[in-house]
Amino acid sequence: MQRKRYSPGRAPGTLLGLGAGLAVALGALTGCSAAEPPGGVTIDAKAGAAAAPVAAPGRYRTLFEPCGAVPQGTLRELLPGTAALADADRAKAFRGTAAVTYDTDRRVGCAWSADTDDGSHRLVLDVERVVSYDPTVSDAARAQEVYVRKQLAAKIPVPATPTPTPPAGTPGTAAPTGTASPASATTAPAGTPSGSPAGGGTTAPPTTPATPSAPATTGLEPRLLSGLGDIAFVDDALGPASANGHQRVVSVVFRTSNVIVTVEYQQRTTGSVAAPDSKELQDRAQNLARLLADRLEE
């Protein structure tokens, strides 16, 4: 039988055909693995796990110009000393002095002042836009952290989150303090004085009157405010009397999303003039703060 002669080009051709088939198969597998994962889940190419969610950006990306944010009518009320100034000096006082900042999209401020015969008034406005550089923490959440530090610095406590009380009779829970269990409860005879033995029982210890933890409030103390931004507080500090008179500083701080606004209003009296009125300064500072909160909503 005659053998078939060996052809040098046949084996390589066969290998090329096998290689082409293998490439097609690998291509099909690659196409399947590169398909969009179900449910729109983002896959980390390196770790092969779902990526952490990115926090939402803050509501505000820029800030308003502060020295022009306060109307002249409001400045005229807050700075009564401007009424006695010449027109040119009054206009200069109303323009204010802008705070020096390195990024006006992150922080701006302005200050105004005017003297009177018996003292002076000063208004300082500070506006900060907080940005979180942690992709898992929103700008508003980071701004809340900054706000809380200001509130604590004013010695205004942050309300604790209430702990839910389990319903009565839940297994494994203790009876509320001061509530007698059914097995040990006894009924005192009518007319028995409070704390007297009932049916030979043990005399209850006398009750100690509760000691107030804080003095009575006046309604003008540093406190939280409602209806101003997302959260707000007012601080009121009267400096010690001196030979130069008295000084009171009222600050209203509020947060709206990722912006924190601070309105600081000061009045100084000289000589024997009475200390500045707390209610008057607080009302004026709060009115301006609400005006600026409305400005942020525009």
Kindly provide the set of residues from region 105-123 that are of a type in the set (Val, Ile, Thr) and either within 18 Å of Ser251 (Cα to Cα) or under 26 Å from the mean Cα position of the chain (by Cα) (or both), ordered by number. Val108
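Of everything in region 71-100, what is in a helix (DSSP H, G or I) and open to solvent by 70 Å² or more (accessible area, probe 1.4 Å)? Give them in sequence order. So that I can check it myself, show each step before the final result.
Of all residues in region 71-100, those in a helix (DSSP H, G or I) come to 72-78, 80-84, 87-95.
Gln72, Arg76, Glu77, Ala83, Ala84, Asp87, Ala88, Asp89, Lys92, Arg95 - these are the residues of region 71-100 that are in a helix (DSSP H, G or I) and open to solvent by 70 Å² or more (accessible area, probe 1.4 Å).
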Could you grab me the full set of residues in region 60-70 that are under 16 Å from Arg142 (Cβ atoms) and surrounded by fewer than 14 Cβ atoms within 10 Å (Cβ to Cβ)? Arg61
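Within region 226-281, considering only strands (runs of 3 or more DSSP E) that don't extend past its boundaries, which have at least 3 residues that are touching a strand residue (DSSP E or B) at 6+ places or on another chain (Cβ under 7 Å), open to solvent by less than 40 Å² (accessible area, probe 1.4 Å) and free of Cβ contacts under 8 Å to residues at least 40 places away in the same chain? Spell out the reasoning first.
Working: elements: 231-238, 246-256, 259-269.
Once the strands (runs of 3 or more DSSP E) in region 226-281 are filtered for at least 3 residues that are touching a strand residue (DSSP E or B) at 6+ places or on another chain (Cβ under 7 Å), open to solvent by less than 40 Å² (accessible area, probe 1.4 Å) and free of Cβ contacts under 8 Å to residues at least 40 places away in the same chain, what remains is 246-256.
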Specify which of the listed residues (Val127, Val131) is touching a residue at least 60 places away in the same chain (Cβ under 8 Å) and touching a strand residue (DSSP E or B) at 6+ places or on another chain (Cβ under 7 Å). Val127
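The values are calculated or read from the model by the stated rules, or taken from the named source; none is laboratory data. This structure is a prediction, so every number in the text was calculated from the model and none was measured. With ideal geometry, Cβ positions are generated from the backbone for all residues, glycine too; neighbour counts draw on all protein chains shown. Only protein heavy atoms, including side chains, enter the accessible area calculation; ligands, DNA and RNA are left aside. Shrake-Rupley method; radii C 1.70, N 1.55, O 1.52, S 1.80 Å.
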